[in-house]
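Below is one structure, written out as structure tokens; the observations come after it.
The values are calculated or read from the model by the stated rules, or taken from the named source; none is laboratory data. Note that the coordinates shown come from a computational prediction; the quantities given were computed from them, not determined experimentally. With ideal geometry, Cβ positions are generated from the backbone for all residues, glycine too; neighbour counts draw on all protein chains shown.
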Amino acid sequence: MDHIGSESRPGINLKINSVERIKISGLHLSDLPNVATILKDFVEFRGLDISNIERMLYLRFRYGKWINRIDRCIKHGSPKFLFTDTYDLTAFVAEEAKNRVVGVIIAYPTMDDVWLLHQIAVLPNYRRRGIGYQLMKKLVAHIKSREGQKIQLYVQPNNLAAVKLYKKLGFTIANQPILMEMDLRNLR
């Protein structure tokens, strides 16, 4: 199977403004080059070229579900988790009319009913058009259909646009991440 979302390619069509249409659908392996371009500025990918990011994404999406399933079997002492996709990583993309991926959202369950929003990204020229909001709504509906009870995410407090989006969707601040650093240049 080459789809990573909960449904086949057709997806849902959204009219973002009077001109453009955006389609939200499950991520397909053929989307990885475009997704790699969107995610290239994320911390975990900085310094990598696009082809290496694409390879990492391919491995994550192709084989990550099996690692997750085996881990659950070990944690719960039951092989039943090998045979269900309930706990697999989920990803959706937003595409414009010419099938160009302009946004992506990736999440996975950390516990039976708690999911972690791993990444959400929209190309700069497509931001503030409601695409991130629609990706989040699609993800929320998917997680609810999988009987998820909670979604968690990490966001930098200075990322005001993201904080505003998450609050609009009903997220609340559980705790503040603390960034600590040590400047070794001043250490004797």
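Take the residues of the stretch 92-132 that are among the charged types (D, E, K, R) and touching a residue at least 12 places away in the same chain (Cβ under 8 Å): which is surrounded by the most Cβ atoms within 10 Å (Cβ to Cβ)? Full working, then the answer.
Residues of the stretch 92-132 that are among the charged types (D, E, K, R), as a first pass: 95-96, 98, 100, 112-113, 127-129.
Retained after the next criterion (residues that are touching a residue at least 12 places away in the same chain (Cβ under 8 Å)): 95-96, 100, 112-113, 127-129.
Details: Glu95: 21, Glu96: 17, Arg100: 13, Asp112: 14, Asp113: 12, Arg127: 14, Arg128: 10, Arg129: 18.
Filtering the stretch 92-132 for residues that are among the charged types (D, E, K, R) and touching a residue at least 12 places away in the same chain (Cβ under 8 Å), the one surrounded by the most Cβ atoms within 10 Å (Cβ to Cβ) comes out as Glu95.
Taking Ile22, is it in contact with a strand residue (DSSP E or B) (Cβ under 8 Å, 6 or more places away or on another chain), under 23 Å from Val155 (Cα atoms), surrounded by 11 or more Cβ atoms within 10 Å (Cβ to Cβ) and modelled with pLDDT of 80 or more?
no
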Q | One residue from Thr84, Thr90 being of a type in the set (S, T, N, Q) and at pLDDT below 80 | A | Thr84
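Out of Ser78, Ser6, I need the residue that is in contact with a His (Cβ under 7 Å, 6 or more places away or on another chain), modelled with pLDDT under 80 and among the small types (Gly, Ala, Ser). Which one?
Matching residue, one of Ser78, Ser6: Ser6.
Would it be correct to say that Leu139 is in contact (Cβ under 8 Å) with a residue 40 or more places away in the chain and surrounded by 13 or more Cβ atoms within 10 Å (Cβ to Cβ)? Even if it seems obvious, please write down each step before you answer.
Numbers: in contact (Cβ under 8 Å) with a residue 40 or more places away in the chain: yes; surrounded by 13 or more Cβ atoms within 10 Å (Cβ to Cβ): yes.
Considered against the rule, which asks whether it is in contact (Cβ under 8 Å) with a residue 40 or more places away in the chain and surrounded by 13 or more Cβ atoms within 10 Å (Cβ to Cβ), Leu139 comes out as yes.
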Q. Say we look at the stretch 168-188 and pick out the residues that are closer than 12 Å to Leu153 by Cα and modelled with pLDDT of 80 or more; which of these is surrounded by the most Cβ atoms within 10 Å (Cβ to Cβ)?
A. Phe171
Q) Quick check: anything in the stretch 113-131 touching an Asp or Glu at 6+ places or on another chain (Cβ under 7 Å) and not charged (D, E, K, R)? A) no
Q. What tally of residues in the stretch 42-78 results from selecting those that are in contact (Cβ under 8 Å) with a residue 24 or more places away in the chain and either loosely packed, with under 11 Cβ neighbours inside 10 Å or over 21 Å from Ile120 (Cβ atoms) (or both)?
A. 1
Q. Can we say Val140 is among the hydrophobic types (A, V, I, L, M, F, W, C), in a helix (DSSP H, G or I) and over 24 Å from Gly26 (Cα atoms)?
A. no
(Q) Can you find a residue that is part of a loop (DSSP other than H, G, I, E, B), closer than 22 Å to Leu29 by Cβ and modelled with pLDDT of 90 or more anywhere in the stretch 109-130? (A) yes
